[in-house]
Amino acid sequence: MLRILAVGDVFGTPGLNFVRKNLRRIKNLEQADLVIVNAENVHDGSGLDRNDASDLFNSGADVLTGGNHSFRRYAAFELYEDEETVLRPLNFPPNSPGNGYCIVPVKNGLRALIISVCGQVFMDPVDSPFYTVERLLDSLKGKYDFAICDFHGEATSEKQAFMHYFDGRIQCVFGTHTHVQTADERLTSRGSGYISDIGMCGSEDSVIGVSYETALSRFTSNIRMKGIPASENINLCGALFEIDEKTLYCTSVKRIKYNEGNLK
C-alpha cells in the first residue's frame, strides 16, 4: 500500500515554523511514502522563495505545489527553473518559469505524476485546467504509474467537475486555495480519491490565516490592509490517500488535522 500525504497551503512564518518542527514527525506517524505540500503562501502569506523551499524539503516535503500566488516573489523565478519538484500551476502561460508537473519515484519501482493546476472560476485568468491536464496525460503515457493533482481553486463546483472528468485517470485529486478543510472526502468506483479542499497550515484563530485585526477592515470599511499572518493556535490540515500497489486504485482518503495539542 502506498500512502500519500497532502498538506494544505502553508501560510506565512507561523505555518512554516509549525512545518519545520512537526512535519517529519507527522510523516512518520502517518507512515507516508510521499509528501506533497502546497507552498504558494509560505513567504509572509504570499509567494515562495528559495529559503522557504529548502526549509520545507528539509522538514520532509518531497514535492511543492503552487497556485495563483506562486510568482509573487521575483526572487523565486530561478527557483522554479532550477528545482523540478517545485511546481507552479500547469495552466499558467507556457513561457512562465518552471513546470506544472513532475514525475517522482515512490517505492517498489512505482512512479507518481504530480500535477499542480489552477481553477478558472473566480480566479485570475489561466488556460483551461481540463484541457491542459488532458494534453499532459496524453503526452506522458507510459512514463508514470499513477497521478496526483493539486487543484488550486475557489469554486467547489469546478473542483468536483474536474474530479469527474478525470475519474479513474487521476488517482488522487485534492483541492487547495480556500484554506478551509472540507468534509466531502470520497472514493469513486473507478479508483480515484477526492476531497474539495484540504485546508491550510496556519492559525485557526484567524481569517484564512490572516489576523482578525488586518482582515476585518476589508469587510467593515472596504479598506484593504496588509494581511499579517496570525500566530496563535496553529493547525496543519491535509489529507492522506492510500493507493493499492497492484490495482493502483485509491482505496482510502482520510482528512488529517494536527496541532501542538495532539502531537504531545
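State to the nearest 20 debye the size of the charge dipole of the range 183-264 about its Cα centre, where the only charges are +1 on K and R beta carbons and -1 on D and E beta carbons.
200
When a/c reaches 1.5 or more, the comparison of a/b and b/c decides; with that in mind, is the range 49-202 rounded, prolate or oblate per its Cα gyration tensor?
rounded
Please figure out what share of the DSSP beta bridges in the chain is antiparallel and state it in percent, rounded to the nearest 5. Mind showing how you got there, number by number?
Values: 27 of 53 bridges.
Just about 50 percent of them are antiparallel.
Within the chain, how many lysine pairs that are 8 or more places apart, or on different chains, have C-alpha atoms less than 15 Å apart?
Here the count comes out as 4.
Any idea which of 98, 71, 250 is furthest toward the positive side of the dipole for the chain, if Lys and Arg beta-carbons carry +1 and Asp and Glu beta-carbons -1?
250
Towards the positive end of the charge dipole of the range 138-238, with charges on Cβ (+1 Lys, Arg; -1 Asp, Glu), say which of 221, 171, 194 has the farthest Cα.
After comparing all options, I get 171.
So if each residue of separation counts as 0.36 nm, and I subtract the Cα-Cα distance between residue 186 and residue 82, what length gain in nm does that give?
The span from residue 186 to residue 82 would gain 33.9 nm if fully extended.
Could you give log10 I(q)/I(0) at q = 0.09, 0.12, 0.14 Å⁻¹ for the range 2-259, computed by the Debye formula over C-alpha point scatterers of equal weight, without solvent?
Those come out to -0.35, -0.63, -0.88, one per q.
Taking the highest mean first, how do the peptides 172-181, 223-232 order by number of other beta carbon atoms within 10 angstrom per residue?
Taking the mean over residues of other Cβ atoms within 10 Å, the ranking is 172-181, 223-232.
Magnitude of the Cβ-charge dipole of the range 29-126, K/R +1 and D/E -1, about the Cα centre, nearest 20 debye?
I would put it at about 260 debye.
Let me spell out the model: positive unit charges on the Cβ of Lys and Arg, negative unit charges on the Cβ of Asp and Glu, origin at the Cα centre of the chain. What dipole size does that give, in debye rounded to 20?
That gives a dipole near 420 debye.
The numbers here are math on the coordinates, done by the rules we state, and not lab data. Everything quoted here is computed from the prediction, not taken from an experiment. Every residue, glycine as well, gets a Cβ built from its backbone with ideal geometry; the counts of neighbours run over all protein chains shown.
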